[in-house]
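Readers should treat all values here as calculations from the given coordinates under stated rules, not as data from a laboratory. As the structure is a computational prediction, the values presented were derived from the model and not from experiment. With ideal geometry, Cβ positions are generated from the backbone for all residues, glycine too; neighbour counts draw on all protein chains shown.
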């Protein structure tokens, strides 16, 4: 069984980086709870929106991102049993490519370069399962689509849901 | 119809870079004719082999590569009629990622980031046609596999062959 796993908000905590940078630039501390069912650029004052939306285009945005809880140990376990690929729609952010590769080397060294994919549109990927936080990726995937809970997608009801990495143990019968 | 197109030796002339760097380092000028049915590291003196094989790992190897003849105009024509993606097994060479993206921006700006894929193993790609110079990519692809002639693959007989980009006009009925 081939399982494709998205990076941002599934393995790497990009929301945390958004919150950090917003506090650095505007002195206001939002939390993940504030983002329930929405995204940062939608709740900040309108005059800050375009700047927040530009953050991922900055060359250091994807550098040294924190990990999503339990992602390392559970993905390593999945990797032992299944054909695990990382599939990130990284192409929108050219500066992210090198950082994402280095980040995988550092935190997921067991995921060989042959099992890494940076793409744009995920309709081009062939696999049995896709674990992703975005409707626009899951909706074009032809296999089993599992939504990984992130603050912005909590109201999405179209997909099978994985609330966190410990959920994977049940979904894939790891125990 | 979705057509996936490989980069190295199909759009970008990496062989030329190998020949240039070998001449720069060892003062010997090989030509593409010398590579008929083989690869540079297999014909150079044995003591140079490992250095030649390391070239693509150097951070500047993929920077500003020359174009394969007629690739721009024919791929633009294909792009107008079909769903064209660039699919490069770039993950083996992390330094290449940024350079490849910039090279596409420069020479193939009409190929949107959504249509760019950097992967390891091409078995994960879903498409109708793959144009590639390597047996190891073509053999794992489930659609129509077309081998693009490069010096190293001239003796390969397993695939439908495209000798150069002008051939594409006949194969895809562009005229």
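Just a few scattered comments:
- Inter-chain neighbour count for A:118-131: the average number of beta-carbon atoms from partner chains within 10 Å of each residue's beta-carbon is 5.
- Distant alpha-carbon pairs in region A:89-175 (separation over 22 angstrom), percent: 36
- Using R0 = 22 Å, the C-beta based FRET efficiency linking residue A:173 and residue A:135 works out to 0.25.
- Remark: mean inter-chain Cβ contacts per residue of B:87-93 equal 4, using a 10 Å Cβ-Cβ cutoff to other protein chain atoms.
- Distances between copies at residue A:49, taken between label points 7 Å from Cα along the C-beta direction, are 6.2 nm in increasing order.
- Rounded to 10°, Cα long-axis angle of helix B:71-81 versus longest principal axis of chain B: 20
- Here residue B:140 yields copy-to-copy label distances, from shortest upward, of 2.2 nm, the label point defined as 7 Å from Cα along Cα to C-beta.
- More than 39 angstrom apart: percent of Cα pairs within the protein assembly as shown: 21
- Between residue B:114 and residue A:58, the modelled label-to-label distance comes to 2.8 nm, taking each label 7 Å out from Cα in the direction of the beta carbon.
- An ellipsoid equivalent to chain B, defined through the eigenvalues of its Cα gyration tensor, has semi-axes of 27, 18, 15 Å when rounded to whole angstrom and sorted largest first.
- Region A:110-175 versus region A:1-76: alpha-carbon centroid distance in Å: 17
- Antiparallel DSSP beta bridges within the protein assembly as shown, percent to nearest 5: 10
- Over all directions, the projected convex hull of the C-alpha atoms in region A:9-53 averages 3.1 nm² in area.
- Inter-copy spacing of residue A:69 label points, which lie 7 Å from Cα along Cα→Cβ, given in nm from shortest upward: 6.2
- Computed over region B:75-128, Kirkwood Rh from alpha-carbon pairs, angstrom: 11.9
- Peptides A:71-81, A:22-32, B:126-136 ranked from most to least packed by the mean count of surrounding Cβ atoms within 10 Å: B:126-136, A:71-81, A:22-32.
- Degrees, to the nearest 10: A:96-107 long Cα axis against longest axis of chain A: 60
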